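Participant: Attaching a single structure in structure tokens format; questions to follow.
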């Protein structure tokens, strides 16, 4: 697949109850880009993401991964290229041990056991979870489950990583670990998230959805400086771009203000008043 681009052409999705979740969505993501898909609840973010490797079938429109049109015939190859990390890691972890979960994909690719073992070890090292190898997934913390879920995808050596609300339910320490992990992934990243400070840190481009339609697509800073757009789509600026409520109560950051990303990147100010 050439350069592993992701091209969505006039995508529409209608659920069986008649709900139209996506309306004529189109965009092109080039290999190596880090792109956020944001919007209020019900905007269509998760629905869109689940189309990118065929977990949902489009009502109309097309998706092209690299130079291959997504279809039943090439679905297995598409899913090796586009690694999907679900919002709830319990949807992804179902084997008796962490090793078994991470090995599941490579084994189903028909790889020999030494290669499977090597891929599991490498994936666990990348998510800094080697010590979890023999644990049962249901004994893990939320942050550990999230890292293992990502490892199950990394073991397939994807060129594109698609993540649905990756920091949902994580404590601050686990969130920082996850952000560091995602920053180290140098292929294409497509992330849906309500965590707009994560978007500010990781994604140079943002696509805004509202009621299943693309309302904006551009540089992340420009999107977050557009207060009219944010208000219309029921979004707030990242904490790092908002005026400090302690220092400047009642004030909003000016549109031209540069984003303040704290040294530890947690999106909050430290005060010494």
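Participant: Computed from the coordinates I sent, Cα extents along the principal axes in Å equals one of [x] 61, 47, 36; [y] 69, 46, 38; [z] 63, 41, 38. Tell me the label.
Facilitator: Calculated Cα extents along the principal axes in Å: the matching label is [x].
Participant: A follow-up question, please. Taking Cα atoms of the range 1-92, Rg/Rh with Kirkwood Rh, to two decimals?
Facilitator: On the way: Rg = 13.0 Å, Rh = 13.8 Å.
Ratio of gyration radius to Kirkwood radius for the range 1-92: 0.94.
Participant: I would also like to ask the following. Using 7 Å Cα-to-Cβ label points, what is the residue 67/residue 80 separation (nm, one decimal)?
Facilitator: Roughly 1.8 nm, to one decimal.
Participant: Moving on. Just for the chain, what percent of DSSP beta bridges are antiparallel, to the closest 5?
Facilitator: Values: 19 of 36 bridges.
Counting DSSP beta bridges with both partners in the chain, the antiparallel share is about 55 percent.
Participant: Semi-axes of the equivalent ellipsoid of the range 35-192: what are they in whole Å, largest first, if each equals the square root of 5 times a C-alpha gyration tensor eigenvalue? Please list the in-between numbers first.
Facilitator: Values: eigenvalues 120, 83, 35 Å².
The answer is 25, 20, 13 Å, longest axis first.
Participant: Moving on to the next point. Can you give the FRET efficiency to the nearest 0.05 for residue 19 and residue 111, using r as the Cβ-Cβ distance and R₀ = 41 Å? It would help to have the intermediate numbers written out before the result.
Facilitator: Details: r = 40 Å, r/R0 = 0.99.
So the FRET efficiency works out to roughly 0.50.
Participant: What distance in nm lies between label points placed 7 Å from Cα along the C-beta direction at residue 60 and residue 141?
Facilitator: Computed distance between label sites residue 60 and residue 141 equals 4.9 nm.
Participant: At a 10 Å Cβ-Cβ cut-off, how would you order 38, 65, fewest neighbours first? Don't skip to the answer; put the middle values down first.
Facilitator: Details: 38 26, 65 23.
Fewest to most other Cβ atoms nearby, the residues stand as 65, 38.
Participant: By count of other Cβ within 10 Å, fewest leading, how are 233, 203 ordered? Let's see the in-between values first.
Facilitator: Values: 233 19, 203 24.
In order of increasing Cβ crowding within 10 Å: 233, 203.
Participant: If neighbour count is taken as other Cβ atoms inside 10 Å, put 213, 72, 189 in order from fewest to most. Working shown, then result.
Facilitator: Numbers: 213 15, 72 8, 189 21.
Ranking 213, 72, 189 by Cβ neighbours within 10 Å, fewest first, gives 72, 213, 189.
Participant: Okay, moving on. For residue 41, put the label point 7 Å out on the Cα→Cβ axis and report which residues of the range 160-181 keep their amide N under 19 Å from it.
Facilitator: 164-170, by backbone N distance to the label point.
Participant: Shifting gears a bit: Quick one: Cα centre-to-centre distance for the range 93-139 and the range 149-217, in angstrom?
Facilitator: For the range 93-139 versus the range 149-217, the Cα centre distance is 22 Å.
No value in this document is a laboratory result; all are computed from the given coordinates. The structure displayed is predicted, hence computed values, not measured ones. Ideal geometry is used to build each Cβ from the backbone, glycine not excepted, and the neighbour counts take in all protein chains shown.
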